[in-house]
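These notes are about the structure you will find just below.
The values are calculated or read from the model by the stated rules, or taken from the named source; none is laboratory data. Everything numeric in this text was worked out from a predicted model, so none of it was measured. Please note: Cβ atoms are built from the backbone with ideal geometry, for glycine as well, and neighbour counts cover all protein chains shown.
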Amino acid sequence: MARGKKTVAQPAKGKKAAPLLGNAELTHIDARGQARMVDVGAKPATERVAIAEGKVIMRPETLELVVAGNAAKGDVLGAARLAGIMAAKRTHGLIPLCHPLPITKVEIEIDAEHSLPGFRVQATVKVTGQTGVEMEALVAVSIACLTIYDMVKAVERGMRIEGIRLLEKYGGKSGHYRAED
């Protein structure tokens with residue numbers, strides 16, 4: 001690509017571009033179109049919370065094996081909770097433009113849902129800081145779901161990880177957001 005040319009992402013053929021929120025700008029892109037880390041130094045520290053979810057879909061027999069605690073690798077859900085917590089704390093090392101944050105809370109809830117069948121994973125991350133924790137919550141859910149997959153893949157390789165999304169966030173300048181169902 002020629003230097004100085006700005007590339008704008010276009011929606012796939014036949015698809016409409018998702019609208020930006022209000023007057024939102026892409027803050028991680030500078031005037032030349034180059035990636036940059038946003039300076040949050042002048043922002044006040046406020047309490048910020050983000051909640052994300054994801055699902056691991058599996059056969060009913062695999063779900064029962066995990067719920068009964070009979071997986072060969074051990075405590076699947078305990079390992080997934082710990083992995084999710086560790087991942088939230090390391091998000092800045094995984095996502096290039098994320099700030100390292102003094103996270104004050106990470107909670108991972110994993111619920112068996114026979115109607116899926118599988119597990120619904122939810123991460124709640126909290127910080128008092130100058131930027132939000134949406135990415136930390138999303139990374140926590142992703143890694144918790146991947147850990148469930150890893151722990152039982154010997155039994156079922158066809159499991160699916162689906163629906164990873166931000167459910168809710170509050171605090172900070174942009175205010176409150178709640179996903180539509």
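Numerical summary
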quantity	calculated
Exclusive hit being touching a Phe, Trp or Tyr at 6+ places or on another chain (Cβ under 8 Å) and either at pLDDT 95 or above or acidic (Asp, Glu) (or both), set Ile143, Ile103, Ile161	Ile161
Filter result (surrounded by fewer than 20 Cβ atoms within 10 Å (Cβ to Cβ) and more than 30 Å from Gly41 (Cα to Cα)) within the stretch 126-158	Leu146, Tyr149, Asp150, Lys153, Ala154, Val155, Glu156, Arg157, Gly158
So Gly132, is it more than 30 Å from Ala71 (Cα to Cα), modelled with pLDDT under 95 and within 15 Å of the chain's Cα centre (by Cα)	yes
Verdict on Ile161 being within 12 Å of Ile51 (Cα to Cα) and either of a type outside the set (Ser, Thr, Tyr) or touching a residue at least 12 places away in the same chain (Cβ under 8 Å) (or both)	no
Number of positions in the stretch 86-103 that are of a type in the set (Gly, Ala, Ser) and either more than 13 Å from the chain's Cα centre (by Cα) or assigned to a loop (DSSP other than H, G, I, E, B) (or both)	1
Inter-residue pairs, beta-carbon under 8 Å, first touching a residue at least 40 places away in the same chain (Cβ under 8 Å) and in the stretch 168-181, second among the β-branched types (Val, Ile, Thr) and assigned to a loop (DSSP other than H, G, I, E, B), 6+ apart	Lys169/Val133; Gly172/Thr131
Residue match in the stretch 104-113 (condition: touching a residue at least 24 places away in the same chain (Cβ under 8 Å) and not in a strand (DSSP E or B))	no
Hey, Ser174 surrounded by 15 or more Cβ atoms within 10 Å (Cβ to Cβ) and of a type in the set (Gly, Ala, Ser) or not	no
Looking only at the stretch 58-92, and only at residues there that are within 18 Å of Leu116 (Cβ to Cβ) and not aliphatic (A, V, I, L, M), the one that is surrounded by the most Cβ atoms within 10 Å (Cβ to Cβ)	Thr62
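One line per residue, one yes/no per condition, for (1) at pLDDT 95 or above; (2) not charged (D, E, K, R):
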{"position": "Leu21", "(1), (2)": "no, yes"}
{"position": "Gln34", "(1), (2)": "no, yes"}
{"position": "Arg59", "(1), (2)": "yes, no"}
{"position": "Gly78", "(1), (2)": "yes, yes"}
{"position": "Ile108", "(1), (2)": "yes, yes"}
{"position": "Ala112", "(1), (2)": "yes, yes"}
{"position": "Pro117", "(1), (2)": "yes, yes"}
